[in-house]
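Enquirer: So that we are looking at the same thing, I have put the structure below in structure tokens.
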Amino acid sequence: MEAAVIGKDLRKSYGDFVAVDGIDFEIPRGVCFGFLGPNGAGKTTTMRMIYRASPIGGGSLNILGHDVGSGRNDRRIKQQLGVVPQDDNLDQELSVRENLEVFARFYGLSRKQAKARAVELLEFVHLTERAESKVLELSGGMKRRVLIAKALSHEPSVLFLDEPTAGVDVELRTGMWETVDRLRAAGTTIILTTHYIEEAEAIADRVAVINQGRILLVEEKERLLHRMGRKQLTIELQEPVAEIPPALAAYGLERAEDGNALVYTYDRAAERTGITSLLGDLAEAGFTLRDLHTRQSSLEDIFVDLVRERS
């Protein structure tokens, strides 16, 4: 599959602070690619280099077949990119329709073309009924949809979404994901940053996990979700145990430091988790249980595991 963006040994520093530390990635055309990581991981800095808001600090970057570096291709590249920033950059005093028309004119559409394009986009983001509303009258979720429509005014080949649903409630977040699905189905390459696991799960085809300016892995979403599918069952005991009996070795149990609990890790997506047989074998081994509780792996857990694997 042809690549929309290729980054090799990409770097960016601000004084002594290294924001992006020699990362490699390839983003195929027509997919939704997510940079997933905590706040301050280097996601937005990477995005800003790709959509040409910030010069690269080192390495190489190829965008839609154009090598970045000299700056000669920046105008040609930018005309093919649409950007939905974290911050609201809409004109609050203009109507929704006027915001879209003005931006379309900025990209060279005629007045007639801009009006027609605004109508199309308002329908696409389900805001036709709010066309004449001033932006300042809109909810946060509606403003995010206007920002997406604005970024699509010139029909870009690549759309950037920087934390697209930050501060948006669950219902509107789902609506945003549906919008992204429609864009991807139409052939638009989408690049997003997010720290929401569920967002990556809902819309990304491929994910780069980034932390402290370094990419820890780049994987297809399904493989990453399998990694994230780990759950832990903590079995609290009535009496502490000094060691785990050999008869229970197959379960890979971990003993708490004080011996008052055992921890069983399993795949939540597996057809059989092994919990039922484990509880039966615990009873047969003479253990009396006091309580049970489960815990889903968090994004932080994933990062800790990845860092440990690479240390």
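Enquirer: Can you say whether ALA283 is assigned to a helix (DSSP H, G or I) and in contact (Cβ under 8 Å) with a residue 40 or more places away in the chain, as far as the supplied structure shows?
Expert: Criteria not met by ALA283.
Enquirer: For the range 116-134, what are the residues that are farther than 13 Å from SER95 by Cβ, buried (at least 16 other Cβ atoms within 10 Å of the Cβ) and not basic (Lys, Arg)?
Expert: Those that are farther than 13 Å from SER95 by Cβ, buried (at least 16 other Cβ atoms within 10 Å of the Cβ) and not basic (Lys, Arg): LEU121, PHE124, VAL125.
Enquirer: I'd like to check which helices (runs of 4 or more DSSP H) are fully inside the range 60-155 and have at least 3 residues that are under 23 Å from GLY30 (Cα atoms).
Expert: Counting at least 3 such residues, we get 74-78, 111-124, 140-151.
Enquirer: Another one. Of all residues in the range 41-59, count the ones that are farther than 21 Å from ARG206 by Cα and in contact (Cβ under 8 Å) with a residue 24 or more places away in the chain.
Expert: Qualifying residue count, the range 41-59: 7.
Enquirer: Look at the range 1-57 and say how many of its residues are surrounded by 17 or more Cβ atoms within 10 Å (Cβ to Cβ) and among the acidic types (Asp, Glu).
Expert: Counting residues in the range 1-57 that are surrounded by 17 or more Cβ atoms within 10 Å (Cβ to Cβ) and among the acidic types (Asp, Glu) gives 1.
Enquirer: Separate question: Only one of GLU199, GLU178 is in the same structural domain as ALA53 (by TED's automatic domain parsing) and surrounded by 18 or more Cβ atoms within 10 Å (Cβ to Cβ). Can you tell me which?
Expert: GLU199
The values are calculated or read from the model by the stated rules, or taken from the named source; none is laboratory data. The structure presented is a predicted model; accordingly, all values stated were derived computationally and were not measured. Glycine also receives a Cβ, built like all others from the backbone with ideal geometry; neighbour counts cover every protein chain displayed.
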